[in-house]
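Working notes, structure below.
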Amino acid sequence: TDDVEVVVKAIPAANAGEDVIICSGSSTTLTAIGGSSYLWNTGETTQSIEVSPDTTTSYSVEVFQNECSDTDLVAVLVNTMPTANAGDDVEICKGSTVTLTATGGDSYLWDTGETTQSIEVSPDTTASYSVEVFQNECSDIDEVAVLVNTIPTANAGDDVEICKGSTVTLTATGGDNYLWDTGET
């Protein structure tokens, strides 16, 4: 008669974590639990790995404990980045209002706190406005400048008296360009 002892070791329960959503160009850290050593399909043997896939990718990890192993998968879903566009820089005269319109996403957040795609602004001095554009849980930021020009002070000169049939030269000041009601420039 002889006896033999059979030792039953528990199989580890591999857990690679929940699926993750990232934006293209970003990275994420995957952490496995359930064992004392790890082997990822990337060849890495640490408990946590950092990945930055260009497209949606699944990663598997084999978890070892007590000479037994188990495997689990985790997916990293990659969303494309939106391209924020706050529009071209604009020039306005002091006291005027301009509408700024952003494109490139599903929702918008301006640095003014407004969340509409278009906003109206009337700055007193040259100012920049930024907008964060959101799409697929990703975001991008763009900026637009509103250049505020001072209103010129038109001066057509002093009133003039002339005799009938005489001519006089009128000279305006205060601007870079001139348009008289006669059509002359």
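Being in a strand (DSSP E or B) and either acidic (Asp, Glu) or over 24 Å from the mean Cα position of the chain (by Cα) (or both) is the filter here; which residues of region 46-56 pass it?
48, 49, 50
Which of the residues belonging to region 11-22 are open to solvent by less than 70 Å² (accessible area, probe 1.4 Å) and out of contact with any Asp or Glu (no Cβ under 7 Å at 6 or more places or on another chain)?
Once the filter is applied, which keeps residues that are open to solvent by less than 70 Å² (accessible area, probe 1.4 Å) and out of contact with any Asp or Glu (no Cβ under 7 Å at 6 or more places or on another chain), region 11-22 yields 17, 20, 22.
For region 75-172, give me every one of the strands (runs of 3 or more DSSP E) that falls completely inside it and has 1 or more residues that are small (Gly, Ala, Ser) and either modelled with pLDDT of 95 or more or surrounded by 12 or more Cβ atoms within 10 Å (Cβ to Cβ) (or both).
Per the criteria, 107-110, 118-121, 127-135, 138-149.
Quick one: residue 38 ticks every box in (1) in a loop (DSSP other than H, G, I, E, B); (2) over 26 Å from the mean Cα position of the chain (by Cα) bar one, so which box is it?
With (1) in a loop (DSSP other than H, G, I, E, B); (2) over 26 Å from the mean Cα position of the chain (by Cα) applied to residue 38, the lone miss is (1).
Restricting to region 112-127, name every residue that is acidic (Asp, Glu) and more than 15 Å from residue 145 (Cα to Cα).
If the condition is that a residue be acidic (Asp, Glu) and more than 15 Å from residue 145 (Cα to Cα), then 114 is the only one that fits.
The values are calculated or read from the model by the stated rules, or taken from the named source; none is laboratory data. These numbers were taken from a predicted model, which means no experiment stands behind them. In this analysis, Cβ positions are derived from the backbone assuming ideal geometry, glycine residues included, and neighbour counts consider all displayed protein chains. To get the accessible areas, we keep the full protein, side chains included, count just its heavy atoms, and leave off ligands, DNA and RNA. Shrake-Rupley method; radii C 1.70, N 1.55, O 1.52, S 1.80 Å.
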